[in-house]
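Got a structure here, written out as structure tokens. Questions coming.
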Amino acid sequence: MNPLRLGILGSGKGTNCRAILERIQDGELHAQVRVIISDVFDAPILDIAREFSVPSAFLAPGHFKTRLEPQTEMQLVKMLREAEVELVILAGFMRVLKSPTLEAFPRRILNIHPSLLPKFPGLSAWSQALAAGEKVTGCTVHFVDDQIDHGAIIAQHEVPILEDDTPESLHARIQIAERELYPQVISRFVESARAA
């Protein structure tokens, strides 16, 4: 059985990307990252790609702040197809994907968000949860659609909010949960590919 071919998109540090690559390297996840693409020229996620000898690319996003230029998104689809990607993984990718990518990879694009969706979509979800006086938050893996942090939920991991939590301490614990949950969910897709 061939490994599941992944393409990872990210805009930042790449902590979830690293967790996925480490699980693959340790033989815990039967997958192969075929390409890592970032819309930020000097994003640390591209350094992680080099560290793990994974092909990587910078994709100039264009003029929009929250999405890619249509021409750029077509280029993204081409890059993912050329890498023979089966499952697209968003790992801190700060752009909303539109129809070119969504149509090319229907129900094959995943995102992880640092809250128990549908609560607290958008930026700084851990701060939103603290400000709302929640007792529990966590992270959610979901299918990507054309709205922000919105698609069908696949799995969630709860993280209790402690009395002395700061936004930073809570975010750090959510990130630990994310690094556990995301590879687990990807492994479900590996299993379903095997069963097919």
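Across the stretch 82-101, which residue is most open to solvent (accessible area, probe 1.4 Å) among those that are closer than 19 Å to Arg67 by Cα and in a helix (DSSP H, G or I)?
Taking the candidates together, the pick is Ser99.
Which is in contact with a helix residue (DSSP H, G or I) (Cβ under 9 Å, 6 or more places away or on another chain) and of a type in the set (Lys, Arg), of Arg67, Arg107?
It is Arg67.
Right, something else. Only one of (1) in contact with a strand residue (DSSP E or B) (Cβ under 8 Å, 6 or more places away or on another chain); (2) in contact (Cβ under 8 Å) with a residue 40 or more places away in the chain fails for Ala19. Which number is that?
(1)
Okay, moving on. Give Lys119, Lys78 a once-over and let me know the one that is modelled with pLDDT of 95 or more and under 21 Å from Leu46 (Cβ atoms).
When all the criteria are applied, what remains is Lys78.
Can you work out which of the residues in the stretch 36-71 that are modelled with pLDDT under 95 and not in a loop (DSSP other than H, G, I, E, B) is most open to solvent (accessible area, probe 1.4 Å)?
Gln71
How many residues are out of contact with any strand residue (DSSP E or B) (no Cβ under 9 Å at 6 or more places or on another chain) and among the hydrophobic types (A, V, I, L, M, F, W, C) if we restrict to the stretch 67-93?
Total satisfying the criteria: 2.
Which of the numbered conditions does Leu123 fail, given that it passes all the others? Conditions: (1) more than 16 Å from the chain's Cα centre (by Cα); (2) farther than 30 Å from Asn2 by Cα.
That leaves (1) as the condition not met.
Looking at Glu168, Glu191, which is the one that is of a type outside the set (Val, Ile, Thr), more than 25 Å from Gly27 (Cα to Cα), open to solvent by 40 Å² or more (accessible area, probe 1.4 Å) and over 18 Å from the mean Cα position of the chain (by Cα)?
The match here is Glu168.
What's the total number of residues in the stretch 102-121 that are under 16 Å from Asp149 (Cα atoms) and open to solvent by less than 30 Å² (accessible area, probe 1.4 Å)?
8
List the residue pairs whose Cβ atoms are under 8 Å apart, where the first residue sits in the stretch 63-81 and is among the charged types (D, E, K, R), the second is part of a strand (DSSP E or B) and surrounded by 12 or more Cβ atoms within 10 Å (Cβ to Cβ), and the two are 6 or more positions apart or on different chains.
Arg67/Val96; Glu73/Arg67
Further, regarding this structure: Among the residues of the stretch 123-165, write down those that are open to solvent by 60 Å² or more (accessible area, probe 1.4 Å), closer than 25 Å to Leu68 by Cα, assigned to a loop (DSSP other than H, G, I, E, B) and free of Cβ contacts under 8 Å to residues at least 40 places away in the same chain.
If the condition is that a residue be open to solvent by 60 Å² or more (accessible area, probe 1.4 Å), closer than 25 Å to Leu68 by Cα, assigned to a loop (DSSP other than H, G, I, E, B) and free of Cβ contacts under 8 Å to residues at least 40 places away in the same chain, then Leu123, His150 are the ones that fit.
The values are calculated or read from the model by the stated rules, or taken from the named source; none is laboratory data. Everything numeric here is computed off the predicted structure, so don't read it as measured data. Please note: Cβ atoms are built from the backbone with ideal geometry, for glycine as well, and neighbour counts cover all protein chains shown. Areas reflect the complete protein model, heavy atoms only, side chains present, ligands, DNA and RNA absent. Shrake-Rupley method; radii C 1.70, N 1.55, O 1.52, S 1.80 Å.
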